[in-house]
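Everything on this sheet refers to the single structure shown next.
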Amino acid sequence: MKYVRYQYRDIASYGVLEGGTIRDIGGGLFGNRKETGKVRDLRDVKLLCPCEPSKVLAIGLNYRSHLGDRVAPDKPAVFVVPPSALLEPEGEIRIPPDAEDTHYEGELVAVIGTTTRDATPAEAEESIFGFTCGNDISERKWQKNDLQWWRAKGCDTFAPLGPCIETAYNWRGRGIKTRLNGTVVQQGRFAELLFDPPAIVSHISRYITLQPGDVVYTGTPGNTAALRHGDTVTVEIEGIGVLTNTVRNPGRRV
Ligand code: MG
């Protein structure tokens with residue numbers, strides 16, 4: 001099942017996506033979900049981020065192809081991104097004027113479905129509601145030089161998320177492709193993840209209680225490069241969908 005959050009006129013709501021239509025649901029995404037009987041044409045709505053997380057966590061250095069000469073971590077390399085960084089599908093990534101080297105990072109994102117604390121990997125797998133696409137936008141200079149990654153990864157619009165959550169998703173055997181202006185610039189298979197989603201969620205849950213709707217970006221494969229004003233970046237995940245965003249960099253027009 002594919003779930004979306006969408007805006008129709010001034011009202012935001014969750015729905016089930018099927019082909020070009022959305023069947024509206026009430027009662028929220030978790031718990032008591034019920035179809036209301038309203039059906040919307042996908043072309044008539046604006047898609048929002050597919051959930052409303054209280055926390056956004058992310059993993060670095062989780063593919064060998066992205067490590068370069070760095071040593072593989074012995075546990076998931078977790079960092080925190082403020083939820084204010086989230087950006088909806090088709091939204092504009094706004095690069096601050098003083099940023100110099102801001103990269104895309106296409107990623108598989110796990111969406112938590114139940115309150116999760118001290119979970120074993122098997123329990124963690126059960127706690128995952130579904131998966132969506134994410135782009136962990138990263139300003140490399142700030143990532144390298146700042147004490148924390150609050151702005152390197154946490155600027156407004158630096159966490160594109162969506163377009164939908166696929167709940168019946170077996171990531172094993174699937175893969176991801178990032179395209180910059182139509183050209184494939186990253187690709188990877190989820191079998192290559194150094195720490196898989198259950199291992200990541202289990203590890204995080206030993207220290208932080210995860211709540212329904214919280215999201216975990218699972219890391220990016222291969223190499224990344226700088227975004228420029230006017231670029232279009234897409235993250236396509238097999239069996240889920242395509243997350244498309246454009247780039248605005250008022251300080252550095254090209
Ligand atoms: Mg990343």
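The values are calculated or read from the model by the stated rules, or taken from the named source; none is laboratory data. The model shown is predicted, which means the values in this text are computed figures rather than measured ones. A quick note on method: Cβ atoms are made from the backbone with ideal geometry, for glycine too, and the neighbour counts reach across all protein chains shown. Heads up: the accessible areas ignore ligands, DNA and RNA and are worked out on the full protein's heavy atoms, side chains in. Shrake-Rupley method; radii C 1.70, N 1.55, O 1.52, S 1.80 Å.
Tabulated data
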read-out	value
Candidates ALA58, ALA110, ALA191: whichever shows maximal mean-square fluctuation once the chain is modelled as a Gaussian network with Cα springs under 10 Å	ALA191
Most fluctuating residue given options GLU92, GLU238, GLU18, as computed from a GNM of the chain linking Cα atoms under 10 Å	GLU18
Square roots of 5 times each gyration tensor eigenvalue, C-alpha, segment 2-48, largest first, Å	16, 11, 9
Selected from GLY26, GLY91, GLY213 as most flexible by GNM, with the chain as the system and alpha-carbon contacts under 10 Å	GLY26
Over segment 56-248, relative contact order from alpha-carbon pairs under 8 Å, at least 6 apart, %	35 percent
Distance between segment 211-228 and segment 160-197 - C-alpha centres, whole angstrom	10 Å
Carbon + sulfur, % of accessible area of segment 56-248 - ligands and nucleic acids excluded, 1.4 Å	48 percent
Low-density loop positions, chymotrypsin sites (Phe, Trp or Tyr not before Pro), segment 195-254 - DSSP coil, at most 10 other Cβ in 10 Å	TYR207
Ratio of the Cα radius of gyration of segment 1-105 to 2.2 N^0.38 Å, where N counts its residues	1.41
Segment ARG70-ASP101, extension gain: residue separation times 0.36 nm, minus the distance between their alpha carbons	9.2 nm
Spin-label pair GLU126/ASP146, simplified geometry with 7 Å Cα→Cβ offset, distance in nm	3.9 nm
Solvent-accessible area per residue for the chain (1.4 angstrom probe, square angstrom)	46 Å²
By average C-beta atoms within 10 angstrom, highest first, the peptides 98-106, 28-36	98-106, 28-36
In order through segment 10-20: 3J(HN,Hα) via Karplus (6.51 cos²θ - 1.76 cosθ + 1.60), integer Hz, x for Gly, Pro	9, 9, 9, 7, 8, x, 9, 8, 9, x, x
Those aspartates and glutamates that a straight Cα-Cα span of less than 18 Å connects to LYS144, excepting residues fewer than 8 apart in one chain	ASP69, ASP98, GLU100, ASP101, GLU105, ASP136
Set of aspartates and glutamates near LYS46 by C-alpha distance (under 17 Å), chain-local residues within fewer than 8 positions excluded	ASP10, GLU18, ASP24, GLU88, GLU90, GLU92
Among the listed pairs LYS153/LYS177; LYS38/LYS177; LYS38/LYS153; LYS34/LYS177; LYS34/LYS153, those beyond 31 Å (Cα-Cα)	LYS38/LYS177; LYS38/LYS153; LYS34/LYS177; LYS34/LYS153
Aspartates and glutamates whose Cα lies under 19 Å from that of LYS75, excluding same-chain neighbours fewer than 8 positions away	GLU107, ASP118, GLU123, GLU125, GLU192, ASP196
For segment 56-248, average projected area of the Cα convex hull in nm²	9.8 nm²
